[in-house]
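A.B. asks: Before anything else, here's the structure in question.
The values are calculated or read from the model by the stated rules, or taken from the named source; none is laboratory data. This structure is a prediction, so every number in the text was calculated from the model and none was measured. Heads up, the Cβs are rebuilt from the backbone with ideal geometry, glycines too, and the neighbour counts pull from every protein chain shown. These accessible areas exclude ligands, DNA and RNA; they are computed on the full protein's heavy atoms, side chains included. Shrake-Rupley method; radii C 1.70, N 1.55, O 1.52, S 1.80 Å.
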Amino acid sequence: MSEETIYVDCPLCGGRLEVAKNSGKVVGHWVRPDAKAAGGDIVRDALRKQAEEKLRLEQYFNSAPDKLSKKSEELDKLFEAEKKRIHKEKDYERPENPFDLD
C-alpha cells in the first residue's frame, strides 16, 4: 500500500477498492471471488460422493444375507459329502490331537 492510497472494501460487490487519499478517486478495483459458487461445487461434489457411497453400502448390506446363505449351503454340502466318505470308507478313527504329540 502506498502512502497516497487506502484500501476500502465495497459494501455492494464485496470487492476491494484502492482509493487515492488526495482526490478520493478509485485507483484500483479487485473483484472478490464468488465464494458461494466455488464452494457450491465442492459441497455438491461432496454430497454426490456421499450419496454414491451410501448406495454402494446399501447394495453391499442388502446382498450380504444372500451371500451368507449360499456359503452356508456350500458348507452343508461339503459336510454331507465328508460324512458319506467317512461311512463309505469306514474311517471312524479320531484324528490325532496335536497336543498329544508332545
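A.B. asks: How big is the C-alpha Rg of the chain next to the rule-of-thumb value 2.2 N^0.38 Å, as a ratio?
C.D. replies: That ratio works out to 2.95.
A.B. asks: Using the Cα centre of the chain as origin and beta-carbon charges of +1 (Lys, Arg) and -1 (Asp, Glu), tell me which of S69, P33, Q50 is placed farthest towards the positive end of the dipole.
C.D. replies: Of the options given, the answer is P33.
A.B. asks: Could you tell me the accessible area of E82 in Å² (1.4 Å probe, neighbours in place), rounded to the nearest ten?
C.D. replies: 80
A.B. asks: By how many degrees, between 0 and 90 and to the nearest 10, does the Cα long axis of helix 35-89 differ from the longest principal axis of the chain?
C.D. replies: On a 0 to 90 degree scale, this one is about 0.
A.B. asks: Please sort 94-100, 13-19, 52-58 by packing, taking for each peptide the average over its residues of neighbouring beta carbons within 10 angstrom, highest first.
C.D. replies: With the highest mean Cβ count within 10 Å placed first, the list reads 13-19, 52-58, 94-100.
A.B. asks: Over the chain, give the accessible area per residue in Å² for a 1.4 Å probe, as an integer.
C.D. replies: 96
A.B. asks: Ok, one more. Report in % the part of the accessible area of the chain that belongs to carbon and sulfur, leaving out ligands and nucleic acids; probe 1.4 Å.
C.D. replies: 57
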